[in-house]
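Comments concern the structure below.
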Amino acid sequence: MGTESKSLLERWLDAGDAGDVEAFHEFLHDDVVVHAPLGLSCRGIEAEKDVWRTARAAIAGLRHDVEEVIVDGNSMAARAVVTGTLVEVLAGVPPSGEPFRIDQIVFAHIRDGKASEVWEVADVGVLLRGGE
């Protein structure tokens, strides 16, 4: 799928996976509110950049594969599969060193072409169990 046909959420996740947190300004409002599991919720784009930096340091090969996107007016949802290997402690979860696969849903309110509030729902029990 070409970049031009990818949704806002897909491009944001791709940028995060690539470590290009400066690109977040294209996708998120400066005062974005992100509701995330494991106590990784935050307010503001700079805080969200820090969350991604921490996640990328703790998860080798972090990748989000978006499988479905639904848009309804100013709301957008994406269903993704998150993969990687937890190699450092993340939000109190000890590293297993084993590859994981997590199902995730990301729901966002869109204002002026950027996400203003985001909810991430993920099967983090996989991490707590130590892998797939």
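The values are calculated or read from the model by the stated rules, or taken from the named source; none is laboratory data. Everything numeric here is computed off the predicted structure, so don't read it as measured data. Counting neighbours? That spans all protein chains shown, and the Cβs are built from the backbone with ideal geometry, glycine included.
Among the residues of the stretch 74-115, how many are crowded, with 16+ Cβ neighbours inside 10 Å, of a type outside the set (Lys, Arg) and over 22 Å from ALA57 (Cβ atoms)?
8
Name the residue, out of ASP50, ASP65, ASP31, that is at pLDDT 95 or above and more than 27 Å from GLY125 (Cβ to Cβ).
On the way: ASP50 fails: more than 27 Å from GLY125 (Cβ to Cβ); ASP65 fails: more than 27 Å from GLY125 (Cβ to Cβ).
On inspection, the qualifying residue turns out to be ASP31.
I'm trying to understand the selection: among the residues of the stretch 38-55, which are over 22 Å from ARG129 (Cβ atoms), out of contact with any Cys (no Cβ under 9 Å at 6 or more places or on another chain) and not aliphatic (A, V, I, L, M)? Talk me through it step by step, then tell me what you get.
Of the residues in the stretch 38-55, the ones over 22 Å from ARG129 (Cβ atoms) are 41-53.
After this cut, where a residue has to be out of contact with any Cys (no Cβ under 9 Å at 6 or more places or on another chain) as well, the list is 41-47, 49, 52-53.
Matches in the stretch 38-55: SER41, CYS42, ARG43, GLY44, GLU46, LYS49, TRP52, ARG53.
Scan (1) modelled with pLDDT of 95 or more; (2) touching a strand residue (DSSP E or B) at 6+ places or on another chain (Cβ under 9 Å) for the single condition LYS6 breaks and write down its number.
Just one mismatch for LYS6, condition (1).
Which pairs turn up if I take residues in the stretch 5-16 that are in a helix (DSSP H, G or I) and look for partners that are modelled with pLDDT under 95 and β-branched (Val, Ile, Thr) with beta carbon separation below 8 Å, at least 6 apart in sequence or on another chain?
Matching pairs, first to second residue: ARG11/THR3.
Pairs, please: C-beta under 7 Å, at least 6 apart or cross-chain, first residue at pLDDT below 95 and in the stretch 85-114, second among the aromatic types (Phe, Trp, Tyr) and not in a strand (DSSP E or B)?
Nothing qualifies.
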